[in-house]
Amino acid sequence: MSKNIDWSKLGFAYMKTDLRYVSKWKDGKWDDGQLVEDNKLAISESSTALHYGQQCFEGLKVYRTKDGKIQLFRPDENAKRLNNSCRRVMMPDMPVEKFIDACVQVVKANADYVPPYGTGATLYLRPFVIGVGDNLGVKPAPEYLFVVFCVPVGPYFKGGMTPVNFTISEYDRAAPYGTGAAKVGGNYAASMYPHKLAVEKGYADCIYLDPLTHTRIEEVGAANFFGITKDDKFITPKSPSILPSITKYSLMYLAKEYLGMEVEERDVLVDNLDEFKEAGACGTAAVITPIGGIEYKGKLHVFHSEKEVGPITKKLYNTLYGIQFGDVEAPAGWIVEVK
Ligand code: PLP
Ligand code: COI
């Protein structure tokens, strides 16, 4: 390993790596794309991405296995979700193969930044599409950039598999029929202030309720929610304003097919947290973060424990983590090896 990085100390922070991939869309098509050293983009001051939030992004991780192989987890799903986000804000599709090829090129070009097996760290890929070019009115941009850069990362929530507490936000990250299901920057801009309030109150982040009625749990910061009922069912909220988490859908599959659990995607009422003996947040960055407790209207509802991860959450984590790092056999098509 030629990079002088203390892998086990990494958090979730930017670091400039060697090369990133950039492709430009103009006159109806994407160019061939190339790897570049410069981590700065030169774009028009009038770019729609800057003024009207015409942009979207993705996040996926690269894992090093015990025998030194490098692999991606379900990159086709990130490509499909990127395209759903692109369509929602009138940006051109990115072919799935081109998306995966760009990710693979970036990984190969920065292979020394893929953390060693056993450190728990991974290489995070951040693909994004932005509307650029000269434009003034509120309308789709004349040109677009697709970029993929990478950063080695550790845990998103400090503590990794130690439970953390969350508070229910009075704010919404997205409107009822807005852009909640798209991974567009505006949702994240809207989340920064509620996040700050939650951290000031001593919580890791906030939980968003459904924006229409504020009675149902939707998202846990930048991750999806799941709960384990007293009769061992895996439950996760269903709503058109939740970002469809690839980790969540993977866990639903693994809970059912690998752990023999019943799985349901349905309403999760904030007034009925008692139905769960364990709860967690799941996402690429968060992996599985056990939820110790949820604060709502001045009361902390504790699940399994504020200190220790519950046994089912642990089993789910071990299965997912095992697949991602190549220690557990993956369902067909989930792993793309970078050769
Ligand atoms: N919810 C939000 C708002 C997110 O930003 C993310 C991260 O991508 C997730 C959920 C988890 O999605 P995934 O598991 O696909 O990373
Ligand atoms: C992810 O899990 O990849 C995210 O996008 C979460 C956050 C860093 C935006």
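Worth pointing out:
- Relative to the dominant Cα principal axis of the chain, helix 311-324 is inclined by about 20°.
- Extension gain (nm, one decimal) between residue 339 and residue 50, 0.36 nm per residue minus Cα-Cα: 100.4 nm
- Its residue count N fixes a reference of 2.2 N^0.38 Å for the chain, and the Cα radius of gyration divided by that reference is 0.99.
- Euclidean distance of C-alpha centroids, region 145-163 and region 280-299, integer Å: 17
- If you wrap the tightest convex hull around every Cα atom of region 164-324 and split its volume per residue, you get 100 Å³.
- Nearest-20 debye value, region 149-295 charge dipole, Cβ charges on Lys, Arg, Asp, Glu: 460
- For the pair region 177-216 and region 12-65, the centres of their Cα atoms are 25 angstrom apart.
- In summary, the lysines within cross-link reach of residue 183, defined as a Cα separation below 21 angstrom excluding same-chain residues under 8 places away, comprise 24, 61, 80, 98, 139, 196, 238, 248.
- Candidates 214, 195, 51: whichever shows maximal mean-square fluctuation once the chain is modelled as a Gaussian network with Cα springs under 10 Å: 51
- Residue with peak Gaussian network fluctuation, the chain [Cα springs, cutoff 10 Å], from 144, 253, 124: 253
- Computed E for residue 318/residue 175 - FRET, C-beta separation, R0 51 angstrom, nearest 0.05: 0.85
- Where labels lie 7 Å past Cα in the beta-carbon direction, separation of residue 15 and residue 37 in nm: 2.0
- Assuming charge only on the beta carbon of Lys and Arg (+1) and of Asp and Glu (-1), the dipole of the chain about its Cα centre is about 360 debye to the nearest 20.
- Between 109, 198, 22, the Cα set farthest toward the positive side of the dipole of the chain (charges on each charged residue's Cβ, about the Cα centre) is that of 109.
- Near-label residues of region 124-144 by backbone N, under 14 Å of a point 7 Å along Cα→Cβ of residue 88: 129
- Pair-distance distribution of region 7-153: all C-alpha pairs, bin width 10 Å, starting at 0; shares per bin in whole percent are 12, 40, 33, 13, 3, 0.
- Seen against the Cα atoms of the chain and their longest principal axis, helix 75-88 is set at about 80 degrees.
Computed from the coordinates by the stated procedures, all read-outs in this text should not be read as laboratory data. Small disclaimer: the values here were computed from a predicted structure and weren't measured. Neighbour counts run over all protein chains shown; Cβ positions are idealised from the backbone, glycine included.
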